[in-house]
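A.B. asks: Let me begin by handing over the structure; questions about it come next.
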Amino acid sequence: MDLAEAYALVQPGLTGVEKAFEEIIDGQDGFPEMQKMLRQVLVGGKVVRPTLTLLAGSFYDYDLNALQPMAVSTELMHIATLVHDDAIDSADLRRGRATINSAWGLDLAILTGDFLFARAGEMAARTGVLHVVMLFTQTLAVIARGEVRQALASFRLDQTYEQYIERVAAKTAALFTLATDSGAILSRAPEEAVQILHRYGYNLGIAFQIVDDILDFVGAASEVGKPVGADLAQGTVTLPAQKLLQRYPDNNPLLAIARKENLAENIAKTVEMVRSSGIIDECYELADDFCRLACSELDQLPQKPAKEALIALADYVIKRRK
C-alpha cells in the first residue's frame, strides 16, 4: 500500500476535517480580519495526525461520528503549536506562506494560537469521552513544558542525545501519541491494543522529528517552506548539530553560533559541514530504526487495511523531503 491508498482509507474523515476548518472560518462571519488569519493557517499541511487518529480507530469499533471531532482536534492543536512556534522564533515563513506573526504581528499571532487551542479543546470535548479529554489536556501540558525546556536550552551545546530525544518526545511524539491513543480509545480497543498503537505513535513521532531536523540542513527552502538552518538561527541544537559537534569538538562553527557571532556566516558553514559529512545518512538510519520499532508490534493487531496504511505512513516518514 502506498501513501495515497493509506489516505484514501480515511478520506471521508479527512474531508470532514477540511469541512470543520471551513466552518471555523465561516463562524467568524463579520470579523474579516480574523477570517483572513485563520485562512492563512488552516490550509495545506500533511494531515498526518488526523490520519493517525482515524487509522488507529479502524481496528475495532470504527465509528466516524465518534472519531471525527478528535481528528479535527489533533490537527488544530498541531497548527496552534506551529503558530506559537513561529511567533516565538520570529519566523517569516511556514509552508511557503507568510506566518501570522510576520503578517499581523506577535500579539495577534499568540492570540490566534490561543484561539486554535481553545477550538481544539472544544473538539476533544465533543467526543464526550473523559479519558480522551484528559489525554488532550495532558498533551498540551507536555508540549508547553517541552517548549519551555527548549527555550531555556537555546544556544547551549552541552545537550545530550537523551535530552534531544526527551525534547522530541515532548514535541512531535506527544501529538502523535495523542492521535493514536485517542483513536484507539474511541474505537473501544482493548488496553493491549491501545498500548501497541501508543508505542507506534511515539516511535513514529520521534522518527518524523528526526527527519524534520535533517531537512533543516538538506531541504531546499522552497520545499520545506522555511529557510535552511532555521533551527540553528534559533539556537536549537538538533541531532545533526549534535553529531557534528561530537565529530569536530574543537574546530566547529557551532561554537561561534553558541556565542551568537556572525550567525549567518557560521550557520552556512555548519550546514555545509553537515552536508559534506556522513551525518545525514546516520540520522536517516536512526529515523529508520524508530520507524521499524514503530511497526514492530502491528502484527498483534487485527488484520485490517489500516495496518498496511500505518506501515505506509512509516515508509513515507523516511522518504519525505518536505
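The values are calculated or read from the model by the stated rules, or taken from the named source; none is laboratory data. These figures come from a predicted structure and were not determined experimentally. Every residue, glycine among them, receives a Cβ derived from its backbone with ideal geometry; neighbour counts consider all protein chains shown. What goes into the accessible areas is simple: the full protein's heavy atoms, side chains included, and nothing from ligands, DNA or RNA. Shrake-Rupley method; radii C 1.70, N 1.55, O 1.52, S 1.80 Å.
A.B. asks: Which pairs in the list Lys171/Lys319; Lys46/Lys319; Lys243/Lys269; Lys19/Lys319 are over 19 Å apart, alpha-carbon to alpha-carbon?
C.D. replies: As for pairs spanning more than 19 Å Cα to Cα, those are Lys171/Lys319; Lys19/Lys319.
A.B. asks: Also: For the range 10-62, give the magnitude of the charge dipole about the Cα centre (Cβ charges: +1 Lys/Arg, -1 Asp/Glu; no others), in debye to the nearest 20.
C.D. replies: 280
A.B. asks: Quick check: pseudo-label points 7 Å beyond the Cα along Cα→Cβ at Leu157 and Ala125, how many nm apart are they?
C.D. replies: Rounded to a tenth, the inter-label distance reads 4.9 nm.
A.B. asks: Between the range 42-68 and the range 140-218, what is the C-alpha centre distance in whole Å?
C.D. replies: Result: 18 Å between the Cα centres.
A.B. asks: With each pseudo-label sitting 7 Å past Cα toward Cβ, what's the Lys304-Val43 distance in nm, one decimal?
C.D. replies: Here the modelled spin labels are 3.4 nm apart.
A.B. asks: Continuing with the same structure: Among Thr177, Gln209, Leu135, flag the residue with its Cα farthest along the positive direction of the charge dipole of the chain, charges on Cβ as +1 for Lys/Arg and -1 for Asp/Glu.
C.D. replies: After comparing all options, I get Gln209.
A.B. asks: A further question follows. Take the Cα atoms of the range 1-87, build their convex hull, and give its volume per residue in Å³.
C.D. replies: In the range 1-87, the Cα hull volume divided by residue count equals 93 Å³.
A.B. asks: For Arg275 and Glu22, what does the FRET efficiency come to when R0 = 41 Å and r is the distance between their Cβ atoms, rounded to the nearest 0.05?
C.D. replies: 0.50
A.B. asks: Please state, as a whole number in µm²/s, the translational diffusion coefficient that the Stokes-Einstein equation yields for the range 82-187 at 10 °C and 1.306 mPa s, with Rh defined as the Kirkwood radius across alpha carbon pairs.
C.D. replies: Reported coefficient: 104 µm²/s.
A.B. asks: Here's another thing I want to ask about it. Give, rounded to the nearest 20 debye, the magnitude of the charge dipole that the range 27-119 has about its Cα centre when Lys and Arg contribute +1 at Cβ and Asp and Glu contribute -1 at Cβ. Display every interim value, and only then the final one.
C.D. replies: On the way: 8 positive and 11 negative charges, 59 e Å.
Charge dipole, the range 27-119, about its Cα centre: 280 debye, nearest 20.
A.B. asks: Evaluate 2.2 N^0.38 Å with N set to the residue count of the chain, then give the Cα radius of gyration divided by it.
C.D. replies: Numbers: Rg = 19.6 Å, N = 322, 2.2 N^0.38 = 19.7 Å.
Computed over Cα atoms of the chain, the ratio equals 0.99.
A.B. asks: Give me Rg over Rh for the range 206-300, both radii from the alpha carbons and Rh done the Kirkwood way, two decimal places.
C.D. replies: 1.04
A.B. asks: Another question, if that's okay. Rounded to two decimals, what is Rg over Rh for the range 24-155 when you use alpha-carbon atoms and the Kirkwood radius?
C.D. replies: 0.99
A.B. asks: If you don't mind, there's one more thing I want to ask. Tell me the volume per residue, in Å³, of the convex hull enclosing the alpha carbons of the range 100-249.
C.D. replies: Each residue corresponds to 132 Å³ of Cα convex hull volume.
A.B. asks: Of Ala264, Val17, Tyr200, which is farthest on the positive side of the dipole of the chain, counting Cα position, with +1 on Lys and Arg Cβ, -1 on Asp and Glu Cβ, and the Cα centre as origin?
C.D. replies: Toward the positive end, the furthest listed residue is Ala264.
A.B. asks: Find, among the trypsin sites (Lys or Arg not before Pro) in the range 216-288, those assigned to loop by DSSP (not H, G, I, E, B) with at most 14 other beta-carbon atoms within 10 angstrom.
C.D. replies: Loop-located and lightly packed - Arg259, Lys260.
A.B. asks: Now for a separate question. With every protein chain left in place, what is the accessible area of Tyr316 in Å² (1.4 Å probe, nearest 10)?
C.D. replies: Taking all protein chains as shown, Tyr316 has close to 40 Å².
A.B. asks: Sticking with this one: For the chain, give the magnitude of the charge dipole about the Cα centre (Cβ charges: +1 Lys/Arg, -1 Asp/Glu; no others), in debye to the nearest 20.
C.D. replies: 280
A.B. asks: Relative to the longest principal Cα axis of the chain, at what angle does helix 106-126 sit, 0 to 90 degrees, rounded to 10?
C.D. replies: 30
A.B. asks: Let me ask something additional. Evaluate E = 1/(1 + (r/R0)^6) for Ala141 and Gln195, where r is the Cβ-Cβ distance and R0 equals 25 Å; express this FRET efficiency to the nearest 0.05.
C.D. replies: Numbers: r = 21 Å, r/R0 = 0.84.
FRET efficiency, Ala141 to Gln195: 0.75.
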